[in-house]
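Taking it in order: structure first as structure tokens, then the write-up.
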Amino acid sequence: MTTQCIQECLKRGIPVSFMSKGGRYFGRLHSTGHINTERQRMQCALYDTDFSVELAKRIMSAKLRNQGVVLRRYEKSNNLEESENIKAIKRYREKLNQCTRIDEIMGYEGQAAKTYFEGISAGFCKRKRQLTSLQDYRQRTGDIIWCTDIIRY
């Protein structure tokens with residue numbers, strides 16, 4: 001690519017990716033000229049205001065509520081008791097109300113995400129163990145029809 005071609009791509013906001021002959025990715029050229037700097041300045045000015053903190057609390061509260069619902073439904077469908085993960089997510093959601101800064105909210109969001117994915121992975125591991133024991137049952141008893149119906153589920 002010539003310098004003139006690169007300049008024209010940058011002026012028009014056309015991203016260019018650089019690849020090897022074998023298709024290996026080297027990098028990317030991306031123009032920032034099409035970015036609205038006034039809008040970015042206004043967004044930065046709103047970052048830690050009361051409005052943004054309250055909006056972030058509402059969004060995170062809804063997100064944590066949904067994570068709890070997903071875990072609860074997953075555990076219910078697998079006949080499991082309510083786990084510590086659900087209780088922890090409830091506690092993080094309650095603590096959101098006391099936050100006064102965005103970084104505090106982000107901290108609780110991160111803790112809740114870790115807890116959520118631990119709960120999801122724990123459920124999958126239990127389900128995998130159940131399937132493995134069904135496969136063992138099938139090998140011992142030869143009850144192919146019953147076992148394949150369960151595993152297919």
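Could you check, for the stretch 125-144, whether at least one of its residues is in the same structural domain as Asp48 (by TED's automatic domain parsing) and either touching a Pro at 6+ places or on another chain (Cβ under 8 Å) or modelled with pLDDT of 60 or more (or both)? Reasoning before the result, please.
Kept after step one, since they are in the same structural domain as Asp48 (by TED's automatic domain parsing), are these residues of the stretch 125-144: 125-144.
Keeping just the survivors that are either touching a Pro at 6+ places or on another chain (Cβ under 8 Å) or modelled with pLDDT of 60 or more (or both) gives 125.
Yes, there is a match, as at least one residue in the stretch 125-144 is in the same structural domain as Asp48 (by TED's automatic domain parsing) and either touching a Pro at 6+ places or on another chain (Cβ under 8 Å) or modelled with pLDDT of 60 or more (or both).
Please determine whether any residue of the stretch 106-113 is farther than 30 Å from Ser52 by Cα, touching a helix residue (DSSP H, G or I) at 6+ places or on another chain (Cβ under 8 Å), in the same structural domain as Tyr47 (by TED's automatic domain parsing) and in a helix (DSSP H, G or I).
Pass one, the stretch 106-113, residues farther than 30 Å from Ser52 by Cα: none.
Within the stretch 106-113 (the criterion being farther than 30 Å from Ser52 by Cα, touching a helix residue (DSSP H, G or I) at 6+ places or on another chain (Cβ under 8 Å), in the same structural domain as Tyr47 (by TED's automatic domain parsing) and in a helix (DSSP H, G or I)), the answer is no, since none of the residues qualifies.
Of Arg58, Arg91, which residue is without any contact (Cβ under 8 Å) to a residue 12 or more places away in the chain, under 24 Å from the mean Cα position of the chain (by Cα) and surrounded by 13 or more Cβ atoms within 10 Å (Cβ to Cβ)?
Details: Arg58 fails: surrounded by 13 or more Cβ atoms within 10 Å (Cβ to Cβ).
Just a single option satisfies the conditions, and that option is Arg91.
Name every residue in the stretch 75-88 that is assigned to a helix (DSSP H, G or I) and surrounded by fewer than 18 Cβ atoms within 10 Å (Cβ to Cβ), in order of residue number.
Across the stretch 75-88, the qualifying residues are Lys76, Ser77, Glu84, Lys87.
Those residues that are at negative phi, surrounded by 10 or more Cβ atoms within 10 Å (Cβ to Cβ) and not in a helix (DSSP H, G or I), I need them from the stretch 2-18; list them, please. Don't jump to the end; show me each part of the working.
Restricting attention to the stretch 2-18, the residues satisfying the condition of being at negative phi are 2-12, 14-18.
Pick out the ones that are also surrounded by 10 or more Cβ atoms within 10 Å (Cβ to Cβ) and you get 5-12, 14-18.
Hits for the stretch 2-18 are Ile14, Pro15, Val16, Ser17, Phe18.
If you check Lys21, Lys95, which single one turns out to be part of a helix (DSSP H, G or I) and not aromatic (Phe, Trp, Tyr)? Talk me through it step by step, then tell me what you get.
On the way: Lys21 fails: part of a helix (DSSP H, G or I).
From the options Lys21, Lys95, the qualifying one is Lys95.
In the same structural domain as Gly107 (by TED's automatic domain parsing) and part of a loop (DSSP other than H, G, I, E, B): is that true of Asn66 in this structure? Lay out the reasoning, then the answer.
On the way: in the same structural domain as Gly107 (by TED's automatic domain parsing): yes; part of a loop (DSSP other than H, G, I, E, B): no.
No, not satisfied.
The values are calculated or read from the model by the stated rules, or taken from the named source; none is laboratory data. Predicted model, so just to flag it, every value in this text is computed and none were measured. Neighbour counts are summed over all protein chains in view; Cβ atoms, including those assigned to glycine, are modelled from backbone coordinates with ideal geometry.
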